[in-house]
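Coordinate-derived values only; no laboratory data. Remember, predicted model here, so these are calculated numbers, not experimental data. Glycine also receives a Cβ, built like all others from the backbone with ideal geometry; neighbour counts cover every protein chain displayed.
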Amino acid sequence: MLHSVVLASHIHVGAWKVAGNYAFLSLIAAAANALNGALLARRPDHYKNFTVVGIILMGLLMGLGGGITRDVLLNQVPTALTNPAFVTVTLVAAAIGYKVAYDKGQLFREGIFQVVTSFSLPLYAIVGAEKAENAGLPVVGVLALSVIAPTAGRWLVDVSCGVPPKQFIRGEWFVTIALLTGVVWIICAGAGLPTWASAAISFAIGYTVRMVALYRGWEEPLAKEPAGVYQHSDGRPLLGRKIAHKSQRELKDLGLTIEEPSGR
């Protein structure tokens with residue numbers, strides 16, 4: 001009984017921290033990823049009869065998964081577990097994502113999803129690179145964490161939904177943007193720029209290149225198919241801001257529409 005009292009006395013609520021040590025950037029990135037996690041769980045190619053709680057948890061998984069993975073790799077207690085602001089903010093963002101997933105006509109809001117992804121990718125990459133640099137990792141380690149931090153959450157959601165992880169399949173620039181942001185961060189830090197300047201430049205380049213890639217339909221290079229196998233379709237529809245101009249066939253190919261049941 002005494003041991004239980006002593007144990008309980010060490011449990012505390014924890015202090016909310018929204019500034020310092022990249023907490024603000026991390027919170028924004030976590031909220032953006034949580035919003036996207038809930039959106040992704042509602043996307044037709046990922047949805048698996050999830051409950052409302054299940055979708056919110058998917059948002060938490062994507063919002064916090066990258067940061068927790070990053071901190072564990074650095075042998076640190078995950079910030080998401082010591083700062084209550086992370087769980088609170090991601091819960092709110094996930095709930096918003098659940099509510100705004102669809103527009104009229106059962107059209108998935110792909111535009112919102114892609115813009116938010118473009119926003120969170122470089123943010124998490126910057127925080128990952130900065131934390132890796134502070135931990136004294138070499139350049140390869142810094143680049144690795146700049147990729148793992150922004151993409152691990154998506155991997156967790158994809159695997160939980162039973163679909164191939166985004167990092168490994170055909171699609172718009174994803175891993176490339178995270179890696180590019182990390183490279184720019186290293187160059188800026190190596191040039192002796194202030195931390196805020198390195199972050200601003202890295203984010204501007206990562207975000208801009210991602211949006212241009214979406215608009216232009218640039219994709220990460222595909223592997224050559226084995227002899228006698230043809231898997232890759234031709235004329236993949238563009239993503240991002242051009243989503244409003246898709247034909248119904250293209251929307252269906254992207255898995256962004258739900259077919260209404262035919263009448264009897």
* To do: Go through region 44-49 residue by residue and turn each phi into a ³J(HN,Hα) via Karplus (6.51, -1.76, 1.60, θ = phi - 60°); whole Hz please, and just put x for glycine and proline.
  => x, 7, 10, 5, 9, 6
* **FRET efficiency, 1/(1 + (r/R0)^6) with R0 30 Å, evaluated for Thr51 and Trp218 via beta carbons** => 0.20
* Work out, in µm²/s and without decimals, the Stokes-Einstein translational diffusion coefficient of region 134-177 at 37 °C, 0.692 mPa s, Rh from Kirkwood over C-alpha pairs. => 283 µm²/s
* Structure fact -> Note: Val159 to Ala204 extended length (0.36 nm per residue) minus current alpha-carbon separation gives 13.2 nm
* Structure fact -> Set Lys17/Lys131; Lys17/Lys99; Lys166/Lys224; Lys17/Lys166, cut-off 21 Å on Cα-Cα distance; pairs above it are Lys17/Lys99; Lys17/Lys166
* Nearest 0.05, what FRET efficiency do Ala227 and Phe168 give at R0 = 30 Å with Cβ-Cβ as r? -> 0.90
* Rounded to whole Hz and in sequence order, give me ³J(HN,Hα) for region 54-71 from the Karplus expression 6.51 cos²θ - 1.76 cosθ + 1.60, θ = phi - 60°, writing x for Gly and Pro. => x, 5, 4, 5, 4, x, 4, 4, 7, x, 10, x, x, x, 5, 4, 4, 5
* Asked: If you take the C-alpha gyration tensor of region 37-91, multiply each eigenvalue by 5 and take the square root, what semi-axes do you get, largest first, in whole Å?
  -> 25, 12, 7
* Specify, per residue and in Å³, the volume enclosed by the convex hull of the alpha carbon atoms belonging to region 97-196. => 124 Å³
